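Here is the structure we will look at.
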Amino acid sequence: MRALPASALVVCGLIASACGGTGTGGAAAGQAAPATSAEQTAEQTPSEQTPAKQSPPDAKPMEGKVVVIDPGHNGGNYRDPAAVNRKVNVLTKWKPCDTTGTQTNSGYTEAAFSFDVSKRLVKILESRGATVKLTRTSNDGVGPCITQRAAIGNKARADAAISIHGDGAAPANHGFHVIMPKKINGPVDKVVGASSRLGIDVRNAFAKGTGLPYSTYIGRNALDYRNDLGGLNLSTVPKIFIECGNMRNAAEAAKFQDPGFRQKIALALANGLQHYLET
Ligand SMILES: [Zn+2]
(Lines give C-alpha, C1' and ligand atoms only; values in the text may rest on other atoms or scores of the structure.)
Protein backbone atom coordinates (compact mmCIF):
# COMPACT_ATOMS: atom_id res chain seq x y z
CA MET A 1 0.00 0.00 0.00
CA ARG A 2 3.02 2.28 0.24
CA ALA A 3 2.90 2.94 -3.51
CA LEU A 4 1.76 6.43 -2.74
CA PRO A 5 5.02 8.30 -3.48
CA ALA A 6 5.26 6.71 -6.94
CA SER A 7 1.62 7.51 -7.68
CA ALA A 8 2.15 11.04 -6.42
CA LEU A 9 5.15 11.38 -8.73
CA VAL A 10 3.11 10.27 -11.71
CA VAL A 11 0.44 12.77 -10.82
CA CYS A 12 3.11 15.41 -10.35
CA GLY A 13 4.63 14.56 -13.71
CA LEU A 14 1.30 15.06 -15.42
CA ILE A 15 0.35 18.16 -13.49
CA ALA A 16 3.63 20.02 -13.54
CA SER A 17 2.09 23.27 -12.48
CA ALA A 18 0.85 21.82 -9.18
CA CYS A 19 4.17 20.11 -8.22
CA GLY A 20 6.72 22.50 -9.68
CA GLY A 21 7.26 24.03 -6.28
CA THR A 22 9.03 27.34 -6.25
CA GLY A 23 9.05 27.44 -2.49
CA THR A 24 6.00 29.61 -2.19
CA GLY A 25 3.09 28.91 0.10
CA GLY A 26 0.85 28.61 -2.94
CA ALA A 27 2.85 25.68 -4.39
CA ALA A 28 2.76 23.78 -1.12
CA ALA A 29 -1.00 24.12 -0.92
CA GLY A 30 -1.32 22.97 -4.53
CA GLN A 31 0.73 19.82 -3.78
CA ALA A 32 -1.67 18.58 -1.15
CA ALA A 33 -4.63 18.09 -3.48
CA PRO A 34 -3.14 15.60 -6.01
CA ALA A 35 -1.43 13.61 -3.24
CA THR A 36 -4.72 13.12 -1.43
CA SER A 37 -6.55 12.07 -4.56
CA ALA A 38 -3.79 9.60 -5.44
CA GLU A 39 -4.03 8.07 -1.95
CA GLN A 40 -7.78 7.63 -2.27
CA THR A 41 -7.34 5.90 -5.62
CA ALA A 42 -4.81 3.49 -4.13
CA GLU A 43 -7.06 2.72 -1.13
CA GLN A 44 -9.93 1.85 -3.42
CA THR A 45 -8.05 -0.51 -5.72
CA PRO A 46 -9.54 -3.92 -4.93
CA SER A 47 -6.68 -5.90 -6.50
CA GLU A 48 -4.28 -4.40 -3.98
CA GLN A 49 -6.51 -4.57 -0.96
CA THR A 50 -8.28 -7.94 -1.11
CA PRO A 51 -5.36 -10.36 -0.62
CA ALA A 52 -3.79 -8.32 2.18
CA LYS A 53 -7.03 -8.21 4.16
CA GLN A 54 -8.31 -11.75 3.54
CA SER A 55 -5.37 -14.14 3.63
CA PRO A 56 -4.61 -14.12 7.39
CA PRO A 57 -8.16 -15.07 8.58
CA ASP A 58 -8.67 -17.61 5.77
CA ALA A 59 -5.47 -19.50 6.53
CA LYS A 60 -6.85 -20.94 9.81
CA PRO A 61 -10.61 -20.42 9.77
CA MET A 62 -11.17 -22.80 12.72
CA GLU A 63 -8.45 -21.36 14.98
CA GLY A 64 -9.48 -21.47 18.64
CA LYS A 65 -12.28 -24.00 18.09
CA VAL A 66 -12.32 -27.36 19.85
CA VAL A 67 -13.87 -30.32 18.04
CA VAL A 68 -14.30 -33.79 19.57
CA ILE A 69 -14.65 -36.69 17.13
CA ASP A 70 -16.07 -39.98 18.34
CA PRO A 71 -15.37 -42.90 15.99
CA GLY A 72 -18.23 -45.27 16.82
CA HIS A 73 -17.54 -48.70 18.42
CA ASN A 74 -14.03 -50.21 18.51
CA GLY A 75 -12.31 -52.98 16.56
CA GLY A 76 -11.60 -55.00 19.71
CA ASN A 77 -15.09 -54.87 21.22
CA TYR A 78 -15.96 -58.40 20.08
CA ARG A 79 -13.11 -59.75 22.25
CA ASP A 80 -14.57 -58.55 25.54
CA PRO A 81 -18.35 -59.09 25.64
CA ALA A 82 -18.48 -58.75 29.44
CA ALA A 83 -17.00 -55.25 29.38
CA VAL A 84 -18.99 -54.18 26.32
CA ASN A 85 -22.32 -55.53 27.56
CA ARG A 86 -22.06 -54.02 31.05
CA LYS A 87 -25.17 -51.86 31.53
CA VAL A 88 -24.74 -48.11 31.98
CA ASN A 89 -27.24 -45.38 32.85
CA VAL A 90 -28.00 -43.01 29.95
CA LEU A 91 -30.65 -41.09 31.96
CA THR A 92 -33.63 -42.32 29.93
CA LYS A 93 -32.71 -46.01 30.25
CA TRP A 94 -29.92 -48.51 30.93
CA LYS A 95 -27.93 -49.65 27.91
CA PRO A 96 -24.83 -51.73 27.10
CA CYS A 97 -21.58 -49.80 27.64
CA ASP A 98 -20.79 -50.17 23.91
CA THR A 99 -21.58 -52.44 20.94
CA THR A 100 -19.53 -54.09 18.21
CA GLY A 101 -21.29 -52.21 15.39
CA THR A 102 -22.17 -53.56 11.97
CA GLN A 103 -20.12 -54.49 8.90
CA THR A 104 -20.45 -54.82 5.14
CA ASN A 105 -21.26 -58.21 3.63
CA SER A 106 -17.58 -58.59 2.76
CA GLY A 107 -16.53 -58.00 6.37
CA TYR A 108 -15.41 -54.34 6.39
CA THR A 109 -16.38 -53.29 9.91
CA GLU A 110 -18.19 -50.17 11.00
CA ALA A 111 -15.46 -49.67 13.64
CA ALA A 112 -12.74 -49.63 10.94
CA PHE A 113 -14.82 -47.36 8.70
CA SER A 114 -15.59 -44.83 11.44
CA PHE A 115 -12.00 -44.82 12.66
CA ASP A 116 -10.59 -44.22 9.17
CA VAL A 117 -13.03 -41.40 8.41
CA SER A 118 -12.28 -39.88 11.82
CA LYS A 119 -8.52 -39.86 11.25
CA ARG A 120 -9.04 -38.15 7.89
CA LEU A 121 -11.34 -35.63 9.54
CA VAL A 122 -8.76 -34.86 12.26
CA LYS A 123 -6.18 -33.95 9.59
CA ILE A 124 -8.54 -31.64 7.73
CA LEU A 125 -9.78 -29.87 10.87
CA GLU A 126 -6.25 -29.42 12.24
CA SER A 127 -5.11 -27.97 8.91
CA ARG A 128 -7.88 -25.41 9.34
CA GLY A 129 -6.62 -24.49 12.80
CA ALA A 130 -9.02 -26.45 15.04
CA THR A 131 -7.98 -28.29 18.19
CA VAL A 132 -9.24 -31.85 17.76
CA LYS A 133 -9.65 -34.69 20.22
CA LEU A 134 -10.63 -38.30 19.45
CA THR A 135 -12.52 -40.53 21.91
CA ARG A 136 -10.33 -43.46 20.86
CA THR A 137 -6.93 -43.44 19.16
CA SER A 138 -6.71 -47.00 17.81
CA ASN A 139 -9.04 -49.57 16.25
CA ASP A 140 -7.82 -52.62 18.14
CA GLY A 141 -8.99 -51.79 21.66
CA VAL A 142 -12.22 -52.13 23.63
CA GLY A 143 -14.62 -49.24 24.27
CA PRO A 144 -14.69 -46.64 25.69
CA CYS A 145 -18.20 -46.79 27.13
CA ILE A 146 -20.81 -44.51 25.60
CA THR A 147 -20.85 -42.62 28.94
CA GLN A 148 -17.13 -41.98 28.61
CA ARG A 149 -17.44 -40.96 24.95
CA ALA A 150 -19.84 -38.20 26.03
CA ALA A 151 -17.66 -37.25 29.02
CA ILE A 152 -14.63 -36.71 26.76
CA GLY A 153 -16.51 -34.08 24.76
CA ASN A 154 -17.79 -32.42 27.93
CA LYS A 155 -14.36 -32.33 29.58
CA ALA A 156 -12.79 -30.82 26.44
CA ARG A 157 -15.54 -28.17 26.47
CA ALA A 158 -15.94 -28.93 22.77
CA ASP A 159 -17.48 -26.26 20.56
CA ALA A 160 -18.87 -29.18 18.54
CA ALA A 161 -18.78 -32.96 18.87
CA ILE A 162 -19.65 -35.62 16.31
CA SER A 163 -20.02 -39.39 16.57
CA ILE A 164 -19.38 -41.19 13.27
CA HIS A 165 -21.21 -44.39 12.31
CA GLY A 166 -22.42 -46.54 9.44
CA ASP A 167 -25.80 -48.20 9.80
CA GLY A 168 -26.70 -51.88 9.52
CA ALA A 169 -30.22 -51.86 8.10
CA ALA A 170 -32.09 -54.06 5.61
CA PRO A 171 -30.17 -54.28 2.30
CA ALA A 172 -32.69 -52.32 0.23
CA ASN A 173 -32.51 -49.33 2.59
CA HIS A 174 -30.03 -46.63 1.74
CA GLY A 175 -29.00 -43.03 2.32
CA PHE A 176 -27.53 -41.16 5.28
CA HIS A 177 -29.06 -39.50 8.31
CA VAL A 178 -28.01 -37.26 11.18
CA ILE A 179 -29.20 -37.90 14.74
CA MET A 180 -29.66 -35.03 17.19
CA PRO A 181 -30.60 -35.03 20.89
CA LYS A 182 -34.04 -34.33 22.29
CA LYS A 183 -34.87 -32.61 25.57
CA ILE A 184 -35.01 -35.18 28.37
CA ASN A 185 -35.20 -32.93 31.45
CA GLY A 186 -31.46 -33.39 31.77
CA PRO A 187 -28.17 -31.60 31.21
CA VAL A 188 -28.38 -32.10 27.43
CA ASP A 189 -31.45 -29.84 27.23
CA LYS A 190 -29.37 -26.66 27.07
CA VAL A 191 -27.51 -27.83 23.95
CA VAL A 192 -30.49 -29.31 22.08
CA GLY A 193 -30.97 -26.13 20.01
CA ALA A 194 -27.28 -25.78 19.14
CA SER A 195 -27.05 -29.50 18.31
CA SER A 196 -29.97 -29.12 15.94
CA ARG A 197 -28.20 -26.28 14.10
CA LEU A 198 -25.03 -28.37 13.98
CA GLY A 199 -27.01 -31.30 12.59
CA ILE A 200 -28.59 -29.26 9.83
CA ASP A 201 -25.23 -27.77 8.80
CA VAL A 202 -23.62 -31.21 8.68
CA ARG A 203 -26.65 -32.65 6.81
CA ASN A 204 -26.34 -29.94 4.16
CA ALA A 205 -22.57 -30.28 3.75
CA PHE A 206 -22.74 -34.10 3.71
CA ALA A 207 -25.37 -34.21 0.97
CA LYS A 208 -23.45 -31.68 -1.11
CA GLY A 209 -20.01 -33.22 -0.58
CA THR A 210 -20.81 -36.94 -0.93
CA GLY A 211 -23.83 -36.94 -3.24
CA LEU A 212 -25.44 -39.59 -1.01
CA PRO A 213 -29.22 -39.33 -0.73
CA TYR A 214 -31.21 -38.64 2.42
CA SER A 215 -32.09 -41.84 4.26
CA THR A 216 -34.97 -43.73 2.68
CA TYR A 217 -35.85 -45.43 5.98
CA ILE A 218 -35.19 -43.16 8.99
CA GLY A 219 -36.05 -39.58 9.90
CA ARG A 220 -37.27 -36.76 7.73
CA ASN A 221 -34.92 -35.14 5.20
CA ALA A 222 -32.07 -37.07 6.82
CA LEU A 223 -32.79 -35.56 10.25
CA ASP A 224 -33.70 -37.75 13.22
CA TYR A 225 -34.13 -36.79 16.89
CA ARG A 226 -33.59 -39.36 19.65
CA ASN A 227 -33.60 -39.57 23.44
CA ASP A 228 -32.20 -43.10 23.83
CA LEU A 229 -28.54 -42.59 22.86
CA GLY A 230 -26.08 -42.23 25.75
CA GLY A 231 -23.61 -40.33 23.60
CA LEU A 232 -26.24 -37.61 23.11
CA ASN A 233 -28.20 -37.73 26.39
CA LEU A 234 -25.04 -37.28 28.44
CA SER A 235 -23.55 -34.49 26.33
CA THR A 236 -23.36 -30.94 27.65
CA VAL A 237 -21.76 -29.67 24.42
CA PRO A 238 -23.42 -29.43 20.98
CA LYS A 239 -23.28 -32.97 19.61
CA ILE A 240 -24.67 -35.10 16.82
CA PHE A 241 -24.36 -38.61 15.41
CA ILE A 242 -24.10 -39.28 11.70
CA GLU A 243 -25.03 -42.59 10.12
CA CYS A 244 -23.10 -42.14 6.87
CA GLY A 245 -25.22 -44.72 5.04
CA ASN A 246 -26.24 -48.36 5.19
CA MET A 247 -23.25 -50.71 5.28
CA ARG A 248 -25.60 -53.61 4.38
CA ASN A 249 -26.60 -51.91 1.12
CA ALA A 250 -24.29 -53.14 -1.66
CA ALA A 251 -23.87 -49.79 -3.41
CA GLU A 252 -23.13 -47.88 -0.22
CA ALA A 253 -20.85 -50.63 1.10
CA ALA A 254 -18.78 -50.37 -2.10
CA LYS A 255 -18.44 -46.61 -1.60
CA PHE A 256 -17.44 -46.94 2.06
CA GLN A 257 -14.73 -49.42 1.14
CA ASP A 258 -13.17 -46.87 -1.24
CA PRO A 259 -10.54 -44.68 0.50
CA GLY A 260 -11.24 -41.85 -1.95
CA PHE A 261 -14.89 -41.84 -0.96
CA ARG A 262 -13.99 -41.88 2.74
CA GLN A 263 -11.87 -38.79 2.11
CA LYS A 264 -14.90 -37.18 0.47
CA ILE A 265 -16.95 -38.00 3.57
CA ALA A 266 -14.31 -36.51 5.87
CA LEU A 267 -14.12 -33.33 3.80
CA ALA A 268 -17.90 -32.96 3.79
CA LEU A 269 -18.03 -33.41 7.58
CA ALA A 270 -15.26 -30.83 8.03
CA ASN A 271 -17.16 -28.34 5.88
CA GLY A 272 -20.34 -28.87 7.89
CA LEU A 273 -18.53 -28.44 11.21
CA GLN A 274 -16.76 -25.32 9.95
CA HIS A 275 -19.99 -23.79 8.70
CA TYR A 276 -21.62 -24.37 12.09
CA LEU A 277 -18.65 -22.92 13.99
CA GLU A 278 -18.48 -19.84 11.77
CA THR A 279 -22.15 -18.89 12.06
ZN1 LIG B 1 -22.73 -47.50 14.98
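Annotations for the structure displayed:
- Residue check for Val188: open to solvent by less than 20 Å² (accessible area, probe 1.4 Å) and within 16 Å of the ligand (Cβ to nearest atom): no
- Residue count for region 99-116, restricted to those that are part of a loop (DSSP other than H, G, I, E, B) and more than 10 Å from the ligand (Cβ to nearest atom): 5
- Which numbered condition Ile242 misses (of (1) open to solvent by 20 Å² or more (accessible area, probe 1.4 Å); (2) assigned to a strand (DSSP E or B)): (1)
- Some residue of region 150-161 being part of a strand (DSSP E or B) and either farther than 22 Å from Ala268 by Cβ or out of contact with any Pro (no Cβ under 8 Å at 6 or more places or on another chain) (or both): no
- Candidates are the residues of region 104-118 that are touching a residue at least 24 places away in the same chain (Cβ under 8 Å) and out of contact with any strand residue (DSSP E or B) (no Cβ under 7 Å at 6 or more places or on another chain); the one that is surrounded by the fewest Cβ atoms within 10 Å (Cβ to Cβ) is Ser106.
- The one condition in (1) in a helix (DSSP H, G or I); (2) within 16 Å of the ligand (Cβ to nearest atom) that Val178 fails to fulfil: (1)
- Options Gly143, Gly166, Gly153: the member that is open to solvent by less than 30 Å² (accessible area, probe 1.4 Å) and away from the ligand (no atom under 16 Å from the Cβ): Gly153
- Close pairs (6 angstrom Cβ cut-off, 6 or more residues apart or separate chains): within 18 Å of Leu269 (Cα to Cα) and without any contact (Cβ under 8 Å) to a residue 60 or more places away in the chain in region 173-194, of a type outside the set (Gly, Ala, Ser) and buried (at least 18 other Cβ atoms within 10 Å of the Cβ) anywhere: Ala194/Pro238
- Residue in region 123-143 that is part of a helix (DSSP H, G or I), touching a residue at least 60 places away in the same chain (Cβ under 8 Å), within 20 Å of Leu198 (Cα to Cα) and aliphatic (A, V, I, L, M) present: yes
- Subset of region 226-252 (residues that are under 15 Å from His177 (Cβ atoms) and touching a helix residue (DSSP H, G or I) at 6+ places or on another chain (Cβ under 8 Å)): Arg226, Leu229, Leu232, Ile240, Phe241, Ile242, Cys244, Gly245, Asn246, Met247
- Across region 80-98, the number of residues qualifying as open to solvent by 30 Å² or more (accessible area, probe 1.4 Å) and within 16 Å of the ligand (Cβ to nearest atom) comes to 3.
- Flag if Gly230 is more than 16 Å from the ligand (Cβ to nearest atom) and in contact (Cβ under 8 Å) with a residue 40 or more places away in the chain: no
- No other residue among Asp201, Asp224 is in contact (Cβ under 8 Å) with a residue 40 or more places away in the chain and surrounded by 19 or more Cβ atoms within 10 Å (Cβ to Cβ) apart from Asp201.
- Qualifying residue in region 122-132 (condition: in contact with a helix residue (DSSP H, G or I) (Cβ under 8 Å, 6 or more places away or on another chain) and under 27 Å from Tyr217 (Cβ atoms)): no
The values are calculated or read from the model by the stated rules, or taken from the named source; none is laboratory data. The structure displayed is predicted, hence computed values, not measured ones. Don't worry about glycine lacking a Cβ; one is built from the backbone with ideal geometry, like all the others, and counts go over all protein chains shown. Remember, those area values only see protein heavy atoms, side chains included, never the ligands or the DNA or RNA. Shrake-Rupley method; radii C 1.70, N 1.55, O 1.52, S 1.80 Å.
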